[in-house]
Amino acid sequence: MSDFDQLVKEQMQLMDQLLDVQGELDVCLETEKQLRQNEKKEEWHRLHDQIKQKREELQKVQTLFTKQTKEVINSYKQLEKSSSVM
């Protein structure tokens, strides 16, 4: 497997992770909304901490995704460059 293919594979796996974390965050936010409406303060605080954690995790995954995207682009450029030399 070429470097480019490996980077694309890793990028797709990271995209799946990004979508999973975003989905988990969306569920937490919806639950938070319901708890606030029902005034369940203790559960709300616990969930609020979980939302904060998910947002931090999402930010880390987004940063890594951006970094890997740049690596994929650079790898593709190198692949194109070496193909045009032949």
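The values are calculated or read from the model by the stated rules, or taken from the named source; none is laboratory data. In this text the structure is predicted, and so the values were computed from the model without any measurement. With ligands, DNA and RNA removed, areas are computed over all heavy atoms of the protein, side chains included. Shrake-Rupley method; radii C 1.70, N 1.55, O 1.52, S 1.80 Å.
Annotations
- In sequence order, the stretch 78-84 has phi-based couplings of 5, 5, 5, 4, 5, 5, 6 Hz under the Karplus curve 6.51 cos²θ - 1.76 cosθ + 1.60, θ = phi - 60°, and Gly or Pro positions carry x.
- Carbon-plus-sulfur accessible fraction, the chain (probe radius 1.4 Å, protein heavy atoms only): 51%.
- For residue 9, a cut-off of 20 angstrom between C-alpha atoms picks up these aspartates and glutamates, skipping any fewer than 8 places away in its own chain: 20, 71, 80.
- Bridging of residue 40 to aspartates and glutamates at a Cα separation below 13 Å is possible for 32, once same-chain residues fewer than 8 apart are set aside.
- Measuring nothing but how far apart in sequence close Cα pairs (under 8 Å, 6+ apart) lie, relative to its length, the chain scores a relative contact order of 46 percent.
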